[in-house]
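Down below is the structure, laid out as C-alpha cells.
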Amino acid sequence: MSPEAAVETSKSGVWEPNILAFCCNWCSYAGADLAGVSRFQYPPTVKVLRVMCSSRVEPAFILKALKDGADGVLVAGCHIGDCHYIDGNKNAEVRINNTKKALGKLGIDKRLRLEWISASEGLRFSEVIRDFTEEIKKLGRNPVKEVKLNE
Amino acid sequence: MSDSDSKGDVKPVESKVDQEEKRVGVFVCECGVNIGGVVNTRGVAEYIGTLPGVKVTSVNKFTCSDSGQADIQAKIKEHNLNRVVVAACSPKTHEPTFRACIEEMGLNQYFLEFVNIRDHCSWIHMWEKEKATEKAKDLVRMGVERAKLLEPLQASEVPVTDKALVIGAGVAGMQSALDLADMGFQVYLVEKEPSIGGRMARFDKVFPTNDCSICILGPKMVEVARNKNIKIMSYSEVKAVDGYVGNFNVKVEHKPRYLDVAKCTGCAKCSEVCPVEVPYDFNEGFGTRKAIYVPFPQAVPLRAVLDMDNCISCKACSKTCESKAINYDMQPSYTDLNVGVIIGAVGFKTYDPEPRHDFGYGLYDNIITAMEFERLLNAAGPTGGHVVRPSDCKEPIRVGFVNCVGSRDKATNIYCSGVCCMYTIKNAQLLKEKRPETDHTIMYMDIRTTFRGYEESYNRSRNLGVKFLRGRPVEVKENPVTKNIKVRVEDTLAGEIRNLEFDLLVLATGIVPNEGIGQIQQLLKLSKAADGLLMEAHPKLKPVDTTIDGVFLAGCASGPKDIPYAVSQGSACASRATILLKNKKAITEGITAVVDPDVCVGCEVCISMCPFQAIKMDEQAGKANVVKALCKGCGTCVAACPTGALEQSHFKNKQILAQVKNVFKFDESVMNKQEPLGSSNQEIVT
C-alpha cells in the first residue's frame, strides 16, 4: 500500500473488518515479525494472538471470536513438514477443516481461514492479511455478530 | 523428574493466585520513533490506565534500556504490582530481558505479558497513525486481560551431558570440534563423506593471500584426527535425533566401506589393481578414480572405500590386500550417542548450471564452472596443474569469467553468494601468474570485495593485467570448428556492445544449500528460509544459535560465507555450546501440558495425539499423566481433550479466551459497568 492510498483509506471512514489471527510462535508469529521488520504494510484490520502451535487452537476459540466480534478468523502455522512439534500442524489442519464444515452449516465458513506461513515469509504474511481483508470486505459484516448486537 | 510433580506443582498455588488482587502495571515503549513516531503512546497509556486492575501506566523512550527497566522495577515496588505488561517489540527477542527484570523484583517471571505494538503495529501501519493507535490500544487491552489471569510457573532445570555432536567436518565443523575438544569436552564429529575436510579440501588456493588450501587445511585435519577428545565418524550420517537440550539421543549410521578400517593402511594397492574406472567426483568429474579408492592423498582417515555401485565383484582388490581388510558382506552399522549439544555445520554445494544450461554450460565443451577450474589449477588435480580446455586439452590463452551464475538472479537465487567475486579474481590471478601470456576478462555486475585484504587482491589482479568488464553476457555461442566460445556482452561502462571470443569460459557459480539440508532441518526441527538455507535464532544478535535450545549452526548451512567467517562461526558455536556444557545444566521453558486428574476419564485421545510420547497412562488410577521433561508444550493434546482435563500452562483456555474476548472491545466489564449494550454498538462497528 502506498503512503497516499493508506492515508486515503484511513480517512475515508469506510467499514473495515475485524480479523483475529492465531499465529504459531515458531513460524507464523515470526513471519508477522518479519513483515514488520521489512515494513510490509497491510491494513490494521488484524490482531495477532500468539499460541505455541496452530494445533492449540480449539474450535471453541474460533466460535467465541466469531460470536464476540470477529468478522474473520485466521489460523496460521508452519508449513507441513516444518512444524516445530513434528506434526502439530497436521492436527490443526484436521481440526480447522472440521470447524469449517460446522461453520458451513451456518453459512459463515469463509470467515475462517487456515494458512501456512513460515518465519521467512514476511511478504506472504502481509499478502495473506490483505487478501483475507478484501475477502471479508466482500462478505460484509459477520451476521452472527449482528445478532449478538441486537440481542 | 518424576511424573507426579507434573500435576502437583501448579494447582496448589493456583487457588491462592486466583484470590489475590491483580495489580497490573503497563509499560508502553516508544522505541525511539519506531513506535512513538506512529502510535500515540501517551494516548494508549491513558486509555489503558482506565481499565480495571491497571494501577499504573508508564511511557518510556526505550523500555529495554537500563532506565526503562529501572522504571519497571521502581513501579513494581511503589505500586506493589503483581502483573507486568510491556507493550513494545517482539517477545521473540525481548521477552527474556523483561522476565529477568521482573524476576529481580521477586515476581514470578511468567507474570510478564509482552505485547507487540512495533512489528505487529507501528511498522506495518506507518501511514495510518490513528488506526495504528486504536489497534495498539486493543492489543494492549488484550494483554492486560490476559496478564490478570497469568499463573506462576517454574522453569525447570535439566542436566546437560557434557558431550557434543558436530555434524559436518568441513572447516567450520572441524573448528568447532577442535575448540570444544581443547576445552576438554568429548566431541563426536560426523561426516557423510569418506574423509573429513569438506569443500575447502578441494580448493586450489584460497583468497585473498592465495595460500595453498590443502597445505593449511591438511594440518588441521591431522590435528582433528590426533585429538584424543574427538571421535571422527566419517562416511556416516545422522539418522535420528530425539530428546532436548542437554540430553539429545542421536542415532548415527555408518555406511559400509566394505573394508575393515582398523586393518586398512591406506596403501592404495587395491586401487592399483581395480579394473573399474569412474569419473572422479573429488576432481569435479575430471579424470577417473577406481571403484575402490582412497578419497584423496591427504584424506583423514587415510583409508580406502569401496564404491559398491560400481564394483564388478572381480575380487582383485581382496587378493591384493596384504592386511586382509576387505569384506564384501559389510552391512551398515549404527551407533547411539547421548550428547548435550549439537552443532550443525552441514556446508554447501555450488550451483549446478547444467539443467538450465546457463551461459551454454553443458551445451559447449569449453565452458566450465569455477570449481572445475579450481581442480584444473591444482597441482594434484587431473592435469597436474595445467589448465586445459576440455575440447582439445590445449592450454587456453583467452579466458573469460562470468560472475553471478546462480546468484543475484531472480531466475535462480536472489542472494549474493559473497565469495564468487573474490575467487574469480584469485583464479584469474593464479593463471596469469603461471602463464603470463594468458589474457583474462572478468564479466561482472558489481565487484564486491568486502573484507580485509580483498580490495588489495582486486587491485593486484588489475595491476597484473586482468581486464574487468561490467556487463552480463547476453549471447554465448560456440564456433563449431575451433570450439572457441563467442560472447556478446554490453560493456555498460563504455555503453558499447562487445563481441568477444574466448578459448575457455569459466562460470562463477554461487553457493546453494547442500544436499540433505532438508533432512537435517527436520531431524533438528530447525526453520528453513525462503532461500533453502537454515535460519539462525536472530540474524544479528544470535547468528549461530537456533530456535532449538542446544542446537547451533556454523558455516554455509546458514548462508554463504567465506573461510574466515566460517571458521569464526565454528569457534563461536563452540563457545556458545560451552556455556551449556560447562554449567552442566540448562533452563527449559515451564510451559507444558497439565492434567487435572479429577476431570480426566482416561480416554487416551491425548496419548495418540502427542508427537513426543510425553503422555503416559497411569494404569492404576486410569488417568493420563504428563511427563514434564518430555513435554514440549505445543498444546495439541489440550485442544484434543474432550473433557477439558488437559490445560497448557501459560496458554490456558481462560487466558486465551480473555484475549479473544478483548480483541474487539467486547470486554464484559466495559459492557456491564459502563454503558448499556445498545449504545456501545457504534464504537464496536466503526
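The values are calculated or read from the model by the stated rules, or taken from the named source; none is laboratory data. As the structure is a prediction and not an experimental result, all values here were calculated from the model. Note that we place each Cβ from the backbone using ideal geometry, even for glycine, and neighbour counts take in every protein chain shown.
Tally up the residues in region B:15-49 that are of a type in the set (S, T, N, Q) and farther than 20 Å from B:Lys131 by Cβ, please.
Final tally of qualifying residues: 2.
For residues in region A:107-124 being out of contact with any Phe, Trp or Tyr (no Cβ under 8 Å at 6 or more places or on another chain) and within 12 Å of another protein chain (Cβ to nearest Cβ), which is modelled with the highest pLDDT?
Of everything passing the filter in region A:107-124, A:Arg124 is modelled with the highest pLDDT.
Out of (1) at pLDDT below 95; (2) closer than 24 Å to B:Thr636 by Cα; (3) more than 9 Å from chain B (Cβ to nearest Cβ); (4) buried (at least 18 other Cβ atoms within 10 Å of the Cβ), what's the single condition that is false for A:Pro17?
(2)
Please find, within region B:290-322, the residue that is nearest to B:Val171 (Cα to Cα) out of those that are in contact with an Asp or Glu (Cβ under 8 Å, 6 or more places away or on another chain) and in contact (Cβ under 8 Å) with a residue 40 or more places away in the chain. Write out each step before concluding.
Step one: list which residues in region B:290-322 are in contact with an Asp or Glu (Cβ under 8 Å, 6 or more places away or on another chain), which gives B:290-293, B:295, B:320.
From what's left, in contact (Cβ under 8 Å) with a residue 40 or more places away in the chain: B:295, B:320.
Details: B:Pro295: 17, B:Thr320: 35 Å.
Looking at the filtered set, the residue picked out is B:Pro295.
Sort out which residues of region A:125-146 are more than 12 Å from chain B (Cβ to nearest Cβ) and within 12 Å of A:Asn18 (Cβ to Cβ), and write them in order of number.
The answer is A:Phe132, A:Thr133, A:Ile136, A:Lys137.
Restricting attention to region B:578-633, which residues are within 26 Å of A:Asn25 (Cβ to Cβ), more than 14 Å from chain A (Cβ to nearest Cβ) and free of Cβ contacts under 8 Å to residues at least 12 places away in the same chain?
Hit for region B:578-633 is B:Ile579, nothing else.
Do you know which residues across region B:78-95 are among the polar types (S, T, N, Q) and either surrounded by fewer than 21 Cβ atoms within 10 Å (Cβ to Cβ) or in contact with a strand residue (DSSP E or B) (Cβ under 7 Å, 6 or more places away or on another chain) (or both)? Break it down stepwise before answering.
Start the filter on region B:78-95 by keeping residues that are among the polar types (S, T, N, Q), which leaves B:80, B:82, B:90, B:93.
Correct list: B:Asn80, B:Ser90, B:Thr93.
In region A:50-67, what residues are surrounded by 23 or more Cβ atoms within 10 Å (Cβ to Cβ) and facing chain B (nearest Cβ under 7 Å)?
Once the filter is applied, which keeps residues that are surrounded by 23 or more Cβ atoms within 10 Å (Cβ to Cβ) and facing chain B (nearest Cβ under 7 Å), region A:50-67 yields A:Val51, A:Met52, A:Cys53, A:Ser55, A:Arg56, A:Val57, A:Phe61, A:Ala65.
Kindly check whether there is at least one residue in region B:262-280 that is assigned to a strand (DSSP E or B) and basic (Lys, Arg).
no
Here's a check for you: in region B:495-540, which residue that is basic (Lys, Arg) and not in a loop (DSSP other than H, G, I, E, B) is farthest from B:His440 (Cα to Cα)?
B:Lys528
Looking at region B:554-665, what helices (runs of 4 or more DSSP H) fall wholly within it and have at least 3 residues that are surrounded by fewer than 19 Cβ atoms within 10 Å (Cβ to Cβ) and not basic (Lys, Arg)?
Here the list reads B:563-583, B:605-609.
Hey, could you check region A:72-106 for residues that are facing chain B (nearest Cβ under 9 Å) and of a type in the set (D, E, K, R) and say which is nearest to A:Leu20 (Cα to Cα)?
That would be A:Arg95.
Can you tell me how many residues in region B:88-134 are under 13 Å from B:Cys29 (Cα atoms), within 8 Å of chain A (Cβ to nearest Cβ) and not in a helix (DSSP H, G or I)?
2
So, in region B:501-524, how many residues would count as being at the interface with another protein chain (Cβ under 10 Å from one of its Cβ atoms) and surrounded by fewer than 19 Cβ atoms within 10 Å (Cβ to Cβ)?
Total satisfying the criteria: 2.
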